[in-house]
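Taking it in order: structure first as structure tokens, then the write-up.
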């Protein structure tokens, strides 16, 4: 089967859009960020006559702080991820059911994390804000070279990998957290990410019907890219040393298996030589 051009591929994927959007709506859970913030613990900072943050107020261990910053800044960087998605799946079209819904759901993650951290004074809020400004300005895959190398299937595969990464990252981070409120917040975020991972996986499965070789190759490329949560944060060496093993061979295997299962890779036949080699690599990572 010849590879479809980008326009034909997106048209083919649009046929699956209503069913996948309906499935996502049924699986997703609605929750309000403000419900999970302990507002009664909040107080003014010096600008409004209160007290600015002091290191003695920190409530997280160094590892929990590093993991929290990595997760927060990744969620803060939503505009960069949105731009990558909207490159091929514009939010002003029917694709708002993917791009718009994903953006709205993911945005509440940064909202609840930052509100919780500020109210609890769990970390240095000035440092977190400066890092946010730098990281969001930098963006995600915003250089011409980075954008040029990815097509629509690459975008879907990258996002499927990314959402699965977030789920596993939060599991590791949660093991370092003792505050029950924060643990519940992390559980809410992880559940959203799990549902979104399944949604992107469903689109990849639909893509195998249209162009199975290109889909398998895109998943292979996405898995080969070394982009763990927090890897792209500037001036993060000390923090990264504490969390660099959050993505390891075990988590990479779990992510590869999730994508292989999503597209039923074991049952795909008739792949070309390059796609067959990619299939073998994916299954080897997944431990199959």
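Given the -39500 (n - 2.57) contribution per DSSP H run of 4+ residues, what per-residue ellipticity at 222 nm results for the chain, rounded to the nearest 500 deg cm²/dmol?
-22000 deg cm²/dmol
What percent does the relative contact order of segment 192-265 come to when contacts are Cα pairs within less than 8 Å and at least six residues apart?
Taking the mean separation of contacting Cα pairs over the length of segment 192-265, I get 54 percent.
Percent relative contact order of segment 133-288, based on C-alpha pairs within less than 8 angstrom and at least six residues apart?
30
Under the definition of Cα pairs under 8 Å and six or more residues apart, what whole-number percent is the relative contact order of the chain?
26
So which residue, out of 270, 42, 151, gets the largest mean-square fluctuation from a GNM of the chain using Cα contacts under 10 Å as springs?
270
Average projected area of the Cα convex hull of the chain, in nm²?
Averaged projected hull area, Cα only: 15.7 nm².
Considering the zone a paramagnetic label at residue 22 would reach in this model (a point 7 Å from Cα along the Cα-to-Cβ line), which residues of segment 88-121 have amide N under 20 Å from it?
Backbone N within reach: 94-102.
Hey, rough spin-label estimate for residue 241 and residue 288, points 7 angstrom out along Cα→Cβ, what's it come to in nanometres?
Inter-label distance under the simple model: 4.0 nm.
The numbers here are math on the coordinates, done by the rules we state, and not lab data. Here the structure is a predicted model, which means the values were calculated and not measured. With ideal geometry, Cβ positions are generated from the backbone for all residues, glycine too; neighbour counts draw on all protein chains shown.
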